[in-house]
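We did not get these values from a lab; they are worked out from the coordinates using the rules stated. This is a predicted model, so every value here is computed, not measured.
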Amino acid sequence: MTSLLSDALSGLSDFVEQLPPESTQQAVGYPSLFLLIVLGALVPVVPTGALVSSAAVVAFHQTAPLALLLIFLVASSAAFVGDVTLYWLGQRGVRSKNGSRWLERLRGHAAPERLEQAQQKLEDHGVAVLVLSRLVPAGRIPVMLACLLAEMPMRTFIRGNVPACLAWAVTYQLIGILGGSLFNEAWKGVAVAVAVTVVISGVPALWRGVRRRRPGSSGQHA
């Protein structure tokens, strides 16, 4: 019995050693990317756009066929799963008299003026605003909260969220492909892709800071 177990472990070790490095990376990388994007959708502090762009850079430099397609499928499906889960948790908070911690977290990540804008856009454009919400930095949570407060059914939310997740995955993957095409070494492309996504995600906060300073500065000059 012991010898059979030893032979089996030895055979498994030989098989792993003979695996191409890219295959090993993919076996670990795709599930990890999926879980991280789902986590990022539930906890809006994980830079999921940077993850997708970085993965696209690595895939661009690999010889494995369909690597970029697999990243697109993993990223878009993970974003969809995360969004739907978060929306479901938010719905429970809306229906509950005491609310929920998930609903309060969503409120905490949505500035009042952004929420008001999202509610107005939802009223004007309906589910189409969900597509733009994932493309506009820091736009996803205010729009999702607006949908929750409007008591949008899950089926309607899903109808708008599917193209939103597909467009989001394509956009950040293209950033990664662009970064990967600029350099022969993957790590340089990753650095560029991460820098671009960080700049994009930081634009809304910078713009809000500028807008807050304007009234005070004009008041001082008056």
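Relative contact order (percent) for segment 109-178, with alpha-carbon contacts under 8 angstrom and 6 or more residues of separation?
Across segment 109-178, relative contact order equals 37 percent.
Is the shape of segment 83-176 best called rounded, prolate or oblate, per the rule: a/c under 1.5 gives rounded, else a/b larger than b/c gives prolate, else oblate, with a ≥ b ≥ c the square roots of the Cα gyration tensor eigenvalues?
Judged from the Cα gyration tensor, segment 83-176 comes out prolate (a/c at least 1.5, a/b above b/c).
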